[in-house]
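Submitted below is the structure of interest, expressed as structure tokens.
The values are calculated or read from the model by the stated rules, or taken from the named source; none is laboratory data. Keep in mind that what you see is a predicted model, and the values were worked out from it rather than measured. Because the Cβ atoms are built from the backbone with ideal geometry, glycine has one as well, and the counts that use them run over all protein chains shown. The area values use the complete protein model at the heavy-atom level, side chains included, leaving out ligands, DNA and RNA. Shrake-Rupley method; radii C 1.70, N 1.55, O 1.52, S 1.80 Å.
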Amino acid sequence: TGGDMYVHEGEEAGYVLQGKFELTVDGEIYIIGPGEGYYFDSRREHRFRNPFDEECRLVSCTTPADF
């Protein structure tokens, strides 16, 4: 999602199929890898980014749908 943090109504969840990425939620940084998932309230500041050299594939869901 870039350098900016996002905040919006709803919830987000996802599951990594391949590779890894960095998820920041309320200033906490998590590295999410293959076979791992995430869930958080989208009203918390968050962003997604891939600072790694490998491609990351994931399934990501938001509710309510807003993208």
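Say whether the condition of being part of a strand (DSSP E or B) and at pLDDT below 95 is met by at least one residue in segment 6-23.
Scanning segment 6-23, I find at least one residue that is part of a strand (DSSP E or B) and at pLDDT below 95, so the answer is yes.
Do any residues in segment 42-67 that are closer than 16 Å to G10 by Cβ have Cβ atoms under 6 Å from those of residues that are surrounded by 12 or more Cβ atoms within 10 Å (Cβ to Cβ) and hydroxyl-bearing (S, T, Y), where the two are at least six apart or on different chains, and which pairs are they?
Final answer for the pair search is H46/Y6; R47/T24.
I need the full set of residues from segment 1-50 which are touching a Leu at 6+ places or on another chain (Cβ under 9 Å), among the basic types (K, R) and open to solvent by 80 Å² or more (accessible area, probe 1.4 Å), in order please.
R49
Could you list, in sequence order, the residues of segment 22-40 that are in contact with a strand residue (DSSP E or B) (Cβ under 6 Å, 6 or more places away or on another chain) and under 18 Å from T62 (Cβ atoms)?
If the condition is that a residue be in contact with a strand residue (DSSP E or B) (Cβ under 6 Å, 6 or more places away or on another chain) and under 18 Å from T62 (Cβ atoms), then L23, T24, V25, Y30, I32, G37, Y38, Y39, F40 are the ones that fit.
Hey, can you tell me all the residues within segment 51-60 that are open to solvent by less than 70 Å² (accessible area, probe 1.4 Å) and within 11 Å of the chain's Cα centre (by Cα)?
Listed by number, the residues that qualify are L58, S60.
Please go through segment 24-67 and give me each residue that is assigned to a loop (DSSP other than H, G, I, E, B), farther than 20 Å from G3 by Cβ and modelled with pLDDT under 95, ordered by number.
P64, A65, D66
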